[in-house]
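Every read-out reported here was derived from the displayed coordinates using simple, explicitly stated rules and does not represent laboratory data. Quick caveat: nothing in here was measured; it's all calculated off a predicted structure. With ideal geometry, Cβ positions are generated from the backbone for all residues, glycine too; neighbour counts draw on all protein chains shown.
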Amino acid sequence: MAELDSVRSTAQAILDRLSQSVPGWRILSIDSPQDRPVDADIALYSVYTGPRPHPLRTPPNPIRVTVGLSDEESWSAHFLVGVEWQDATAQLASQIQDHAIEYTQGAAIPPCPVHPQHPLSAKVLSGIACWSCPKNPGFYSEPIAEPSPGDL
Ligand SMILES: [Zn+2]
């Protein structure tokens, strides 16, 4: 399934960016949406505030990305299906970032090159998922991942 490969390369790009802060973290598994029941995803979808299809439409299951050091030290994040690829990328990056910050008990990950005291935040700027300075993207921003073939 080509989409899973694209999600894997996106997740790998996110981990590569965080690797200095959480060495050894890798992708442990990527589960296609069909592997899980729909119910588990409704709650997740309802807190998502980004662009999305009509709320009455049944949301497709997100792709589950599990990262970490081992099965005993692993964290799950979700790549949303049925939204813009770049939105899903920013959401995935933000979730993995949250896990990394929690794991390090509050480190600024990834650190803003201009203001090392705060982490960059994952957001979509001009249609591209970016790591950017939370004060002002004009200070610093960079693409989270190369554009996916599935996005073109
Ligand atoms: Zn900054």
| query | Relative contact order for segment 63-152 using alpha-carbon pairs under 8 Å, separation at least 6, rounded to a whole percent? | reply | 19 percent
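Pop the C-beta distance of GLU72 and GLN117 into the FRET formula with R0 = 25 Å and round what comes out to the nearest 0.05. Before the final figure, lay out the partial values.
Details: r = 32 Å, r/R0 = 1.28.
Computed FRET efficiency for GLU72 and GLN117 comes out at 0.20.
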| Given H placed 1.01 Å from N in the peptide plane, which residues other than close sequence neighbours of LEU125 have an amide H under 5 Å from its amide H? | CYS130
